[in-house]
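Accompanying notes for the structure given below.
The values are calculated or read from the model by the stated rules, or taken from the named source; none is laboratory data. Keep in mind that what you see is a predicted model, and the values were worked out from it rather than measured. Positions of Cβ are backbone-derived with ideal geometry, glycine not excepted, and every protein chain shown enters the neighbour counts. Ligands, DNA and RNA are stripped out before the accessible areas are found, and what is left, the full protein with its side chains, is counted by its heavy atoms. Shrake-Rupley method; radii C 1.70, N 1.55, O 1.52, S 1.80 Å.
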Amino acid sequence: MQSPVLVLKDSLKRESGRKVQHANIQAAKAVADIIRTTLGPRSMLKMLLDASGGIVVTNDGNAILREIDLAHPAAKSMIELSRTQDEEVGDGTTSVIILAGEMLHVAEALIDKNYHPTVICRAYDKALEDAIAVLDKIAMPVDANDRGTMLGIVKSCIGTKFTSQFGDLVADLAIDATTTVDIDLGLGLRDVDIKNYIKVEKVPGGQLEDSRVLKGVMINKDVVAPGKMKRKIVNPRIILLDCPLEYKKGENQTNAEMLKEEDWSLLLRMEEEYIEELCMQILKFKPDLVITEKGLNDLACHFLSKHGVSAIRRLRKTDNNRIAKACGAVIVNRPDELQESDVGTGAGLFEVKKIGDEFFAFIVECKDPKACTVLLRGASKDLLNEVERNLQDAMSVARNIIKNSKLVPGGGATELTISATLKQKSSSVQGIQKWPYEAAAIAFEAIPRTLAQNCGVNVIRTMTALQGKHANGENAWMGINGNTGDITDMKECKIWDAYNVKAQTFKTAIEAACMLLRIDDVVSGIKKRQAPGAGQARSKPKVETEVDADSEQILPD
């Protein structure tokens, strides 16, 4: 008899076949169960402690999963889903995980019946195509310029969040901010860059109601010389620089040999003249405010303040870009290249205010600013962090509507319509794919079912009633009112979802489910290549003596 051949090392662990698929499905379901209770307006909050003892209290699916440290590879890829969803459309991070978990859950029964994963994946892909077709059919166009409609949409999207108790506040902030930075690219395309041009500045203290969107930019800086420079300028002329206003030092050590004592004073005078020349090139354009990203020494500060010019130094690049967008200035790299067109005249007021115990510079009342700052006030840091997360979601929703102004019903109505349509279509699917296709149709019901569970109503009765209403695919707008658990018409309740949030959710969830189903082999225990001899060193703990405690040895990785 032949002896068994060992291909893999002893240290490697290999699992294959059905066992792996079950393990992956279990892991995905476990992740989905973690955040299942955070879906809908009656959602629970999760409190997470990180390694350094900080606390995060949130019900944003992405924020929760970002903080959790997982060991299982399949669970890690589930977390990637919510991150993708957050970056792509900013909303629906919880739904995408629940849907992907459910898709895998219904596939488990099929795998037990010896269905091949590729067959299931093919049926899922077909179901996804049909689901997107149904979405297109029930989507209704909306006017992105109508503030009332936009307010309703954003409110329904953040109605599930913690800040919904503050009414229209966050929705108003989000719409103001996104309409400010909305740029028309022509050809019917619009661009809203939330990441670069909307800054959320959190200042603890005050009330949440004091939060507002500034028509301009606010930065956490004071003028360089508070006593000499003006802290309030009306209609300022602003120059933005990306160069230091100080004498250039040598790159490495520079030696200068002095023969006479006068040479030293000559050297100093040359430095002074160099800085004076820089300042004069700037002052030629009669600015009221000079802002630089680099340093600005005392001498330059003296020249500028003598001419009544305020200066701010060491500003972040991103903040400088925002100021440029807000007041219409151009960031200049060298003072001798300044032109009149580079001076920003769009701002109405420059003012330095003290909020709490810090100074903030405001460049506000801008004419047609293309960047803005959202100033958030609130009782505690945790509260502000949560409001900021909600505001990010709200701004993403507003951006989605501006970019693609189509709506679908919320409250689980869309998923139920898709489920009903797919069930009808499954009778015409031929061959073995019929059953996985039907399973996908049932999986879509996970979202309304979870909504009903979180409301605390009788799930089975509610779901049966809803399925009855949707059976013929006609009442596309019947869904669950997340607050009361009643079955209502979503049009009347004004509960909407943005079209591309839903489409992205379905695509991401189903594609991820297919990817996890296709895995049939997991080889773990692949170590980084160790340094020779490191293997033995690991086994015996090395006791340090006094001699080698000082000589720090770098242990092999």
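What the table shows:
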item	result
Inter-site label distance for Lys113 and Leu45 at 7 Å from Cα along Cβ, in nm	4.5
Rounded if a/c under 1.5, otherwise prolate or oblate - the range 1-139, Cα gyration tensor axes	oblate
Spherically averaged projected area of the chain from its Cα convex hull (nm²)	40.3
Taking the chain and dividing mean pair separation by its residue count, relative contact order in percent (alpha carbons under 8 Å, at least six apart)	25
Stokes-Einstein D (µm²/s) once Rh is taken as the Kirkwood radius of the range 151-265 over alpha-carbon pairs, at 25 °C in 0.890 mPa s	123
Per residue solvent-accessible surface (Å²) - the chain, probe of 1.4 Å	51
Rg to Rh quotient for the range 300-415, alpha carbon positions, Kirkwood Rh	1.10
Nearest-20 debye value, the chain charge dipole, Cβ charges on Lys, Arg, Asp, Glu	1480
Accessible area, probe 1.4 Å, largest first, for residues Thr254, Thr37, Thr421, Thr178	Thr254, Thr37, Thr421, Thr178
No Cys partner within the rule (Cβ under 4.7 Å), the chain	Cys157, Cys243, Cys279, Cys301, Cys327, Cys366, Cys372, Cys455, Cys493
For His307, solvent-accessible area (1.4 Å; no DNA, RNA or ligand), Å²	100
Largest-first ordering by accessible area, 1.4 Å probe, given options Val7, Val20	Val7, Val20
Efficiency of FRET from Cβ geometry, Ile442 and Ala225, R₀ 60 Å, rounded to 0.05	0.30
Calculated Rg and Dmax of the range 111-164 using C-alpha coordinates, Å	18.9, 54
Long pairs among Lys195/Lys325; Lys403/Lys423; Lys228/Lys284; Lys230/Lys354, criterion Cα-Cα beyond 25 Å	Lys403/Lys423
For the chain, calculated [θ]222 nm from helices alone, where every DSSP H run of n ≥ 4 adds -39500 (n - 2.57)	-14500 deg cm²/dmol
Inter-label distance, nm, simple model (7 Å from Cα along the C-beta direction), Glu67/Ala133	4.4
Probe 1.4 Å - accessible area at Tyr247, Å² to nearest ten	80
Inter-label distance for Arg269 and Lys354, nm, one decimal - labels placed 7 Å from Cα along Cα-to-Cβ	4.3
Accessible carbon and sulfur surface of the range 367-416 relative to its total accessible area, %, 1.4 Å	44
Cα-centre dipole for the range 265-351 with unit charges at Cβ (Lys and Arg positive, Asp and Glu negative), debye to 20	380
Of Val154, Leu241, Ala123, farthest towards positive along the dipole that unit charges on Lys, Arg, Asp, Glu beta carbons give the chain	Ala123
